[in-house]
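Asker: The structure under discussion is supplied below as structure tokens; questions concerning it will follow.
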Amino acid sequence: MSTPIWMGIDLGEARIGLALCDPELTLAYPAGNIEVQGDYFRGLWPVVDLIREHHVDQVIVGYPLLLNGTEGRSAKNAKRWVRNLTRILADEENDGLEGESAVGVVLRDERLTTVSAHQQLYDAQVGGRGHRPRVDQQSAVVLLQSALDEYKVSKEL
């Protein structure tokens, strides 16, 4: 049986922030960025490559709802991005045939993850020019860590 690995993804205008977790599904950590230059659909195939490289079982993608909980343009694009990712993964696994992917891909409400990421970086005295790319990664960490924590609690019940 393989060790479970989860990936967190924060879709941004300039870059996609990535996070992975430890094999015990306890701790999320930054895993880099993919530069997308204003079009995060450019990041689909690099994300697929990383999913394969790290043998990811579960992908948690930030769902950027508006503060009032409704969908704006970014949330609709995130849903479309997830549909495309899911389709690519399923097609690869089934040699282009219709089917489901063994990799789970879910959207998770990401409201205020960027605020939390900024605060965590400031608390760690990380600032300056390199701050923004780290925020994208840290947002993915916040997103993934909350999913891991929720998963752990559900397993304990």
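The values are calculated or read from the model by the stated rules, or taken from the named source; none is laboratory data. For clarity, every value in this text was computed on a predicted model and none was experimentally measured. Neighbour counts are summed over all protein chains in view; Cβ atoms, including those assigned to glycine, are modelled from backbone coordinates with ideal geometry. The area values use the complete protein model at the heavy-atom level, side chains included, leaving out ligands, DNA and RNA. Shrake-Rupley method; radii C 1.70, N 1.55, O 1.52, S 1.80 Å.
Asker: Out of the strands (runs of 3 or more DSSP E) lying entirely within region 1-75, which hold 1 or more residues that are open to solvent by 50 Å² or more (accessible area, probe 1.4 Å)?
Answerer: 28-35
Asker: Let me ask something additional. State whether one or more residues within region 137-153 are surrounded by fewer than 17 Cβ atoms within 10 Å (Cβ to Cβ), more than 19 Å from the chain's Cα centre (by Cα) and modelled with pLDDT under 85.
Answerer: yes
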